[in-house]
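What follows is one structure encoded as structure tokens, with my remarks underneath.
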Amino acid sequence: MADRPVPLQNKRLLDVKVGQLPSWLATRDFTPVGIVKGCRGGYDRFIAKYIDVKKCGIGGIAMMLTGYVIVSYIWNYSHLKHDRWRKYH
């Protein structure tokens with residue numbers, strides 16, 4: 001049985017061709033509720049793939065920790081930059 005074509009609105013971003021990108025973006029829900037649903041779905045997929053597995057490893061927790069370190073560095077960058085130029089004498 002031949003594969004049926006998937007409607008553009010049901011395709012994932014990685015499956016969309018560059019020429020189809022504007023029309024694919026037009027099908028997305030950019031309301032605050034839609035953005036929250038998208039973030040929640042990504043979080044759920046991450047948890048299902050890396051945390052809720054039969055044989056878990058350090059990979060998922062290491063990614064979460066690395067993300068936390070990067071985000072906290074970005075949030076504190078202005079303070080760290082100010083301290084870097086301070087002279088101690």
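Once the chain from K49 to N76 is taken as fully extended at 0.36 nm per residue, the excess over their C-alpha distance is 6.7 nm. Heavy-atom accessible area with a 1.4 Å probe sorts F46, F30, largest first, into F30, F46. Under the simplified labelling scheme, the V16-V33 pair shows an inter-label distance of 2.2 nm, with each label point 7 Å from Cα along Cα→Cβ. Taking the helices alone, the chain has a mean residue ellipticity at 222 nm of -16000 deg cm²/dmol, built from -39,500 (n - 2.57) per DSSP H run of at least 4 residues and averaged over all its residues.
I35: net charge of surrounding residues, Cβ under 14 Å, Lys/Arg +1, Asp/Glu -1, itself excluded?
Values: positive: R28, K37, R40; negative: D29.
Once positives and negatives cancel, what remains is +2.
Per residue, the solvent-accessible area of the chain (1.4 Å probe, heavy atoms of protein chains only, all protein chains present) comes to 95 Å². Computed over protein heavy atoms with a 1.4 Å probe, the carbon and sulfur contribution to the accessible area of the chain reaches 65%.
The heavy atoms of L80 offer some 80 square angstrom of accessible surface to a 1.4 angstrom probe.
Taking only the alpha-carbon atoms of the chain, what semi-axes of the equivalent ellipsoid follow from 5 times the gyration tensor eigenvalues under a square root, in whole Å, largest first? Working shown, then result.
Values: eigenvalues 294, 95, 31 Å².
Equivalent ellipsoid semi-axes, largest first: 38, 22, 12 Å.
The values are calculated or read from the model by the stated rules, or taken from the named source; none is laboratory data. Fair warning: this is a prediction, and the values are worked out from it, not measured in the lab. Cβ: placed from backbone, ideal geometry, glycine included. Neighbour counts: every protein chain shown. Side chains included, ligands, DNA and RNA excluded: accessible areas come from the protein's heavy atoms. Shrake-Rupley method; radii C 1.70, N 1.55, O 1.52, S 1.80 Å.
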